[in-house]
Amino acid sequence: MQTLTPREQRTVRLAAIGIAVYLALFFGFKGFAGLGAMRADHERLVRAANALRSEVQTYQTRALKLQRLMDRTQLDPGRLSTNTVVAQTSAALQLAAQSGGLQLGAVRESVARSTEREMGTIQFEAMGQPAAVLGFMARLDKLGFPVVVESVQLGADSRGPGMLRIHLNLIVLDFEQWKSRQPSHA
Amino acid sequence: MSFMELFRAPSLWVEIRPESIHLHNGAAGEDLPAAWEAAGTPDAATRDRLLGALARLAPRKPWQARGTLWCALPARGVSLRPVSVPATTQTDVRKFLALQIEARFPVPPDQLAWGWSEPSSGAAARPDGLREFTVAAIRREPVERLAELFAAAGFNAIFGVAATLRCRPLPENAGDACSLDLGTRSTECLEYGNGVPTTLRSLPWGLGDLVDAVAAELAADRNEAAAALAALARGDAMPPSRRAAIAGTVERAVAVLADGVRRPAGAPGFSRILVTGISPEARLVADALAAVLRPLAVDGPPQGTLRPGLTPAVAGLRSATTGAGSRLPIRLAVAPPPATADGGGGGVPSIPWKWVVRGGVLVAALVLFPYAEAFVGRPILTRRLAALRKDTARLGEIDRRLEFLQYVTDNQSPYIDAVYVVANAAPPGARIESLSMNRRGEVSIGGYTQMPQQVVDFRNKLVDSGFFSGVVLEEQTPIVGGQPRVNLRLTAQWKGPAARESLKLGPVLPDPPKTNAPATNNAVPPTRPAATNGPAQS
């Protein structure tokens, strides 16, 4: 193998240094560009995360309000089952009436109209002492089911003095079909 | 001059002697006369001369760092002692030596400028587990004053002992030797045992005494005697009788010095004596000592002209502080010097690579941190973002549930309140046969009273209750029969929620027993679990 002269060695050394510097600059710039892009992406993610966090924080108040309403109405909409909610509501009505000392009368259920966000209606009749009837009425909004009392009829029962007959017309709401709706002015 | 030399801090080598100060910068030097105050600090004139020489020999540019000034101190006030400490790690050496100094020196170590050297390089401890050190110490005040003076001139001063620098390190098997440095009125005597400095003394005889002796012999004044001695040292031509007279006087005068150098009877004598000095007469003294102490070998200073500032100590100091691996034999330090591997702490100040590397790492971290944050934090942030987005998906559900429950709550009609108001308004003896209410607030009351006036009262009370916005008497029919009564049929419309808000309607009913706990709608077992909610009739 031919031996390089010192001048040739110096030339080769300088060339190697030049190539190394070029490669370092080339890949260095590319690397820094890649790192810069990664950093920009990271900053975009940080901004998105901050925006989302502030959005979530605004919902803390709503979540508290929801929790209070759930406690007050004894109702968790997330656990309602479309298939069984009417049956469960009817059962809860009858259980509440019987446990309050009322005697059950006719119970009629009907399918809701498809245009409404109602699961169905329940017509319910019961008889008993006035105190028991009023207690039952007070308990209606805490049944634990999405029920709106459409109408109430109270009348004297012919089976005995001091006995009352109550006829309720209830609407069972369908949470699955629920969309934004203006509350009524009842 | 290379580019880097523009930024290199200047270095200067200085020897302090009782009568003079010698400075050299590697290329040129100056010899300054010196006078000292009682505290060991230079007087004002000496200080001015010294500062001027420093400015001439080592001018410092504004962009340059502080220079390094290596200073060799005279033997006056320096105590040199061998000290043994337990073989221990390098970092504990100074602590152990300080304890030994506390025990063996009359002054506590914090009032001393002291340093040490380990002749056997510290690696191999003696069989008794001890390491041998040579400790040199001097009162710290004069050293501090000098350091302050040099600092004012822009130099960081590093101090050593001049006597240990005048001869090259002796080999360990060199036997006992002695180094003599001739001053004007005293001679520094450093004794070596097997190459290790053991004793440093100041003998009360110097070249001034030699001049006095020659002046007495020649019956001449001191200047003439000094000139004669210089001529003899240079080998100038002079009458043989005069040469013999001066040489004999020198030999007789040097006998005093020889007595000071001689070991006591029974002690091993020196194998070699080295004589140095800053004047040519030192060669005469060396020759005379050789004649007096024959057959002991006495080496004189090398032949040649002494260059300004380049005394034997300055030359040794410069040799010990330049070049790779060189170090001061003993570095006198006031504050604890950084521990070095050579044990003496007297090496050439090197670039603090450790701190350079740390600084570089910090700068690199500063530059790369934003990128590293993006690189490292991205997966974490992505996970957090996914969790947040999952939460965001639940936000719509929260809205939906809230709206649903709000609707259910808003549509709970005040049936109980209406019954309470009607019951309170009903006159005595009246009978409510039927009461119908619906979600729109329409109330229909049917019944009878005993007198027509009671119907009016009943109606007025309903209006006065504030609960109803309109009460209409649709029918009032008197019945004439066995017991007179008035049938009535009333309709009313209850007010909106805002108007009813301020009304106080009777006692608050106690909470009914909960039919279902948080998930009440699941607490009641369905009568037909698998059935649909199709119409049922009972």
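In table form, for the structure just shown:
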{"quantity": "Residues located in region B:444-465, provided they are touching a helix residue (DSSP H, G or I) at 6+ places or on another chain (Cβ under 7 Å) and among the basic types (Lys, Arg)", "calculated": "B:Lys461"}
{"quantity": "Unmet criterion (only one of (1) within 8 Å of chain B (Cβ to nearest Cβ); (2) among the hydroxyl-bearing types (Ser, Thr, Tyr); (3) free of Cβ contacts under 8 Å to residues at least 12 places away in the same chain; (4) within 22 Å of A:Lys142 (Cα to Cα)) for A:Ser81", "calculated": "(1)"}
{"quantity": "Selection within region B:426-446 - surrounded by 17 or more Cβ atoms within 10 Å (Cβ to Cβ) and under 20 Å from A:Met163 (Cα atoms)", "calculated": "B:Ala426, B:Ala430, B:Ile432, B:Leu435, B:Met437, B:Ile445, B:Gly446"}
{"quantity": "Pick from region A:173-186, criterion modelled with pLDDT of 85 or more and facing chain B (nearest Cβ under 7 Å), ranking: farthest from A:Glu109 (Cα to Cα)", "calculated": "A:Phe175"}
{"quantity": "Residue check, B:Gly77 farther than 30 Å from B:Phe105 by Cα and small (Gly, Ala, Ser)", "calculated": "no"}
{"quantity": "Of residues in region A:112-139 being of a type in the set (Gly, Ala, Ser) and free of Cβ contacts under 8 Å to residues at least 12 places away in the same chain, the one farthest from A:Ser81 (Cα to Cα)", "calculated": "A:Ala131"}
{"quantity": "Tally, over region B:333-366, of residues that are at pLDDT below 85 and closer than 30 Å to A:Asp41 by Cα", "calculated": "0"}
{"quantity": "Matching residues in region A:103-125 - criterion: being over 15 Å from A:Asn169 (Cα atoms) and either surrounded by 22 or more Cβ atoms within 10 Å (Cβ to Cβ) or of a type in the set (D, E, K, R) (or both)", "calculated": "A:Arg113, A:Glu116, A:Arg117"}
{"quantity": "Within region A:103-130, tally of residues that are at the interface with another protein chain (Cβ under 7 Å from one of its Cβ atoms) and charged (D, E, K, R)", "calculated": "2"}
{"quantity": "Residues (within 7 Å of chain B (Cβ to nearest Cβ), among the hydrophobic types (A, V, I, L, M, F, W, C) and within 18 Å of A:Ile171 (Cβ to Cβ)) located in region A:131-150", "calculated": "A:Met137, A:Leu143, A:Phe145, A:Val148, A:Val149"}
{"quantity": "Whichever residue in region A:140-159 is touching a residue at least 60 places away in the same chain (Cβ under 8 Å) and surrounded by fewer than 23 Cβ atoms within 10 Å (Cβ to Cβ) and, among such residues, is farthest from A:Thr121 (Cα to Cα)", "calculated": "A:Lys142"}
{"quantity": "Filter result (of a type in the set (Val, Ile, Thr) and crowded, with 19+ Cβ neighbours inside 10 Å) within region B:293-318", "calculated": "B:Val298, B:Thr311, B:Val314"}
{"quantity": "Residue in region B:394-410 that is within 60 Å of the chain's Cα centre (by Cα) and among the acidic types (Asp, Glu) present", "calculated": "yes"}
{"quantity": "Residue match in region B:380-387 (condition: more than 22 Å from A:Arg39 (Cβ to Cβ) and either part of a helix (DSSP H, G or I) or at pLDDT 85 or above (or both))", "calculated": "yes"}
{"quantity": "Filtered residues of region A:151-172 (kept if facing another protein chain (nearest Cβ under 7 Å) and at pLDDT below 90)", "calculated": "A:Ala156"}
{"quantity": "Test: residue in region B:22-31 that is in a strand (DSSP E or B) and touching a His at 6+ places or on another chain (Cβ under 6 Å)", "calculated": "yes"}
{"quantity": "Failed item, numbered, when A:Asp41 is tested on (1) loosely packed, with under 14 Cβ neighbours inside 10 Å; (2) modelled with pLDDT of 90 or more; (3) at the interface with chain B (Cβ under 8 Å from one of its Cβ atoms)", "calculated": "(2)"}
{"quantity": "Given (1) free of Cβ contacts under 8 Å to residues at least 24 places away in the same chain; (2) surrounded by 13 or more Cβ atoms within 10 Å (Cβ to Cβ), index of the condition B:Ser241 fails", "calculated": "(2)"}
{"quantity": "Helices (runs of 4 or more DSSP H) completely within region B:433-538 that count 2 or more residues being over 30 Å from A:Val111 (Cβ atoms) and either facing chain A (nearest Cβ under 10 Å) or at pLDDT 80 or above (or both)", "calculated": "B:452-464, B:497-500"}
{"quantity": "Test result for B:Ala423, in a helix (DSSP H, G or I), surrounded by fewer than 20 Cβ atoms within 10 Å (Cβ to Cβ), facing chain A (nearest Cβ under 10 Å) and aliphatic (A, V, I, L, M)", "calculated": "yes"}
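Condition check ((1) farther than 30 Å from B:Gly496 by Cα; (2) surrounded by 16 or more Cβ atoms within 10 Å (Cβ to Cβ)) across all residues:
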residue	(1), (2)
B:Leu366	yes, no
B:Phe375	yes, no
B:Thr382	yes, no
B:Ala386	yes, no
B:Asp399	no, no
B:Leu405	no, yes
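The values are calculated or read from the model by the stated rules, or taken from the named source; none is laboratory data. Model, not experiment: these values are computed from the prediction. Virtual Cβ from ideal backbone geometry, glycine too; neighbours counted across all protein chains shown.
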